[in-house]
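The block underneath contains the structure these notes are about, expressed in structure tokens.
No lab work stands behind these numbers, since they all come straight from the coordinates. This structure is a prediction, so every number in the text was calculated from the model and none was measured. Neighbour counts are summed over all protein chains in view; Cβ atoms, including those assigned to glycine, are modelled from backbone coordinates with ideal geometry.
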Amino acid sequence: MTDLILHTKDLAVGYDGRAVVKDLTFSLRPGEILTLIGPNGAGKSTILKTLARRLAPVAGTVLLDGKMLPAMAENELAKRLSIVTTERVRAELMSSREVVATGRYPYTGRLGILSEHDRAVVDEAMALTQVTELQDAPFEQISDGQRQRVMLARALCQEPEVLLLDEPTSFLDVRYKVEFLTTLKTLAREKRIAVVMSLHELDCAARVSDTVLCVRGGAVDRVGRPEEIFSGAYIEALYGMEPGSFEAFFGATGDRRFFQNRGCPFFPCHTGVAEKDFNCLFCYCPLYALGESCGGSFRYTASGVKSCENCAFPHRRENYEKVLARWPEIAALTKRKDHV
Amino acid sequence: MERQTRRCVCAFALLLLLLIALGAAGLLAGSVKVSPKEALEVLLVRGEVERAARVVWTLRLPRLLAAVFLGGALAVSGFLLQTFFANPIAGPFVLGISSGAKLTVALTLIAALARGRNLGSAALIGAAFCGSMLAMGLILLLSARVRRMSLLVVCGVMIGYICSAITEFVVAFADDANIVNLHNWSMGSFSGIRWANLRVIVWVTLAGVVLSFLLSKPMGAWQLGEAYAQNLGVNLRRFRLELILLSSVLSACVTAFAGPISFVGVAAPHLMKSLFKTAKPIVMIPACFLGGAVFCLGCDLIARTLFQPTELSISAVTAVFGAPVVIWMLVRRKAGAHD
């Protein structure tokens, strides 16, 4: 228990006393990464804001190193917990180094003048996040990826025990995403910082987190290790997707590029094709809209769907390439661009 | 770091030089000719009763000092508002705060004069402060609803027009004898400031500027945005209150004694940012004070001497120099936004 740095119990978060997410109970050790995933608007940011004490908890408790969060002095909290937000920082006429140095705020005196030690901490933070060479560059002119690393360096300057990041990789391209999360993971381990962040990129979440917390419909849907969360059909359920669509797209469980959507209201839409041979990603026949004149023979299933029997483009996997090759032609003919 | 420090030292030195030069010019220039030797004598001995000495001691010196302190106060007030609203064109005049103060001061003056009383400096500042806070309150209410900063500025300008219109209306119905005074004042001018007023001006503006300077650390954190300021340990509620009170007191003090003066609050901080190449409050607050002082001193000198013995209103001159700065800034910002 003494090992825990951040601990919540029956925490409810929300605005004006109305809870957005209820019954949050989790705990975090130094050096661990907890990732919040869940659909947009599920309340991930609200949780982070509550942990950062921007919002008061609606109910329940948050303990930071065994102390009640709401009772903590402002300056003490600032020395223990730092944030990286999604909001765009306006840093008028500030160099990147000056932005990083603002992280020393809780450690400086009345006028905020930096000491030798403060400067050394700034140097170290910039080195750790690999932004040393940007230090004189105006913050407003560096790229999004660089900016995010500068903001991470800024957060490190507070010498936090807990670091909160709200969608830190949202504006980054894939290279910067990987770089950023790798840096973050190393830092968490080496500096023993507990990290709580929200991520939209599930593939990243799976690789970087120690624990994944899934928020959905006003409650914690699941908490667990990434292997537990990212297996089976759970992700589709969490995001309200059709079963199988995540795996089909991301191939999370290996090389299953094809899938059948058994939750589809029209399933099974084929009577003439063996189930193992078709792929719901292409489940609409390009010629379907042409009705009677599609050229093949078909019949209607009980649910009123055209089921092909002797189709010009049978829904067999080996035909998909042929279908795709004729796609522009078909699209022009039917004036429908996106069938899939 | 090194370069930045050197730049600051040079810029401060430049501002001080300008201040001294313009101050000297202000003492000497005018319809009564005064030689440098005479002026120096007056400053050192104080006691001469010659005509020239009287002009320098009773008229020019207080006026000059008023321009210095009130100009500085105005620029600092503008900087505080720009920081608060994170908007480079916010300022006491643009947001209608000066006009709010003008309205309440005009009302109080007329009420007092109608009863045959004269108002002291404290009462004037008090009235102006009430007006500032009213206008500020209105702006804050609007800013909760209007997220777009440009709209907020438009609202501020509208508030300014409404207040000015009511002031004009009231002035039109005031006694003849009051009108001349009131009219001059409501156009904005540093003339007619006496030593007794000046004492109050110096105390109020110095207190305001020093207190603002002490807020420069939380202000620096605030510049990064509300979330970061809070995370860095700034007590947001107290900080906001302090910032609003200080900017209102400073602009109220200016309006109480010199009437509404346009554009200094926007132009001076911007010029200082360009000169110092930083927006750090710890540098900007003293810089804005000096910059505003130099700006107003220069403008007052022009207002006084250009068509002497006729005086221009100070706002006419500050607008001529200040408005282009604001336009240039807006254009450049627009261009920057497309990067």
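Computed log10 I(q)/I(0) for segment A:6-224 at 0.14 Å⁻¹: -0.85, from the Debye equation with unit scatterers placed on every C-alpha and solvent omitted.
Here the 3J(HN,Hα) profile of segment B:28-37, calculated from phi with Karplus coefficients 6.51, -1.76 and 1.60 at θ = phi - 60°, is 8, 7, x, 6, 8, 6, 10, 7, x, 5 Hz, Gly and Pro shown as x. About the centre of its Cα atoms, segment B:1-131 shows a dipole size close to 140 debye [charges on the beta carbon of Lys, Arg (+1) and Asp, Glu (-1) only; nearest 20 debye].
Across segment A:102-119, computed HN-Hα scalar couplings (Karplus, 6.51 cos²θ - 1.76 cosθ + 1.60, θ = phi - 60°) run 4, x, 7, 2, x, 9, 9, x, 3, 9, x, 7, 7, 8, 3, 4, 4, 5 Hz from first to last residue, x flagging Gly and Pro. Between amide H atoms placed 1.01 Å from N, distances below 5 Å from residue A:6 occur with A:28, A:65, all of them 5 or more places distant or on a separate chain. When the square roots of the Cα gyration tensor eigenvalues are ordered a ≥ b ≥ c, the ratio a/c for segment A:66-180 is 1.5 or more and a/b does not exceed b/c, which makes its shape oblate. For residue B:94, the residues whose amide H sits under 5 Å from its own are B:263, ignoring neighbours fewer than 5 places away on the same chain, with H placed 1.01 Å from N. Dipole magnitude for chain B: about 740 debye, using +1 per Lys or Arg Cβ and -1 per Asp or Glu Cβ, origin at the Cα centre. Taking every alpha-carbon pair within segment B:1-139, the share separated by more than 28 Å comes to 45 percent.
Computed on the Cα atoms alone, the convex hull of segment A:1-120 gives a volume of 154 cubic angstrom per residue.
The magnitude of the dipole of segment A:1-45, with charges of +1 and -1 set on the Cβ of Lys/Arg and Asp/Glu and taken from the Cα centre, is near 100 debye. Overall form of segment A:35-83: prolate. Here a/c, set by the Cα gyration tensor axes a ≥ b ≥ c, is 1.5 or more, and a/b is the larger of a/b and b/c. Here chain B is treated as a Stokes sphere of Kirkwood radius computed over C-alpha pairs; at 10 °C and 1.306 mPa s its diffusion coefficient rounds to 78 µm²/s.
Pairs of Cα atoms nearer than 8 Å and 6+ residues apart set the relative contact order; for segment A:101-223 it is 21 percent. Contact order for chain B, expressed relative to its length and based on alpha carbon pairs under 8 Å spaced 6+ residues apart, stands at 30 percent. Near residue A:209, no amide H atom lies under 5 Å from its own; only residues 5 or more places off or on other chains count, and H is placed 1.01 Å from N.
Pairs exceeding 21 Å between alpha-carbon atoms, taken from A:9/A:191; B:217/B:277; A:49/A:79: A:9/A:191.
Using θ = phi - 60° in the Karplus curve 6.51 cos²θ - 1.76 cosθ + 1.60, the 3J(HN,Hα) couplings for segment A:221-229 round to 7, 7, 10, x, 6, x, 4, 6, 6 Hz; x is entered for Gly and Pro.
Under a GNM of chain B (C-alpha, springs under 10 Å), which listed residue has the highest mean-square fluctuation: B:297, B:80, B:306? Its mean-square fluctuation being the largest, the pick is B:306. Taking other C-beta atoms within 10 Å as the exposure proxy, A:117, A:7 rank A:117, A:7 from fewest upward.
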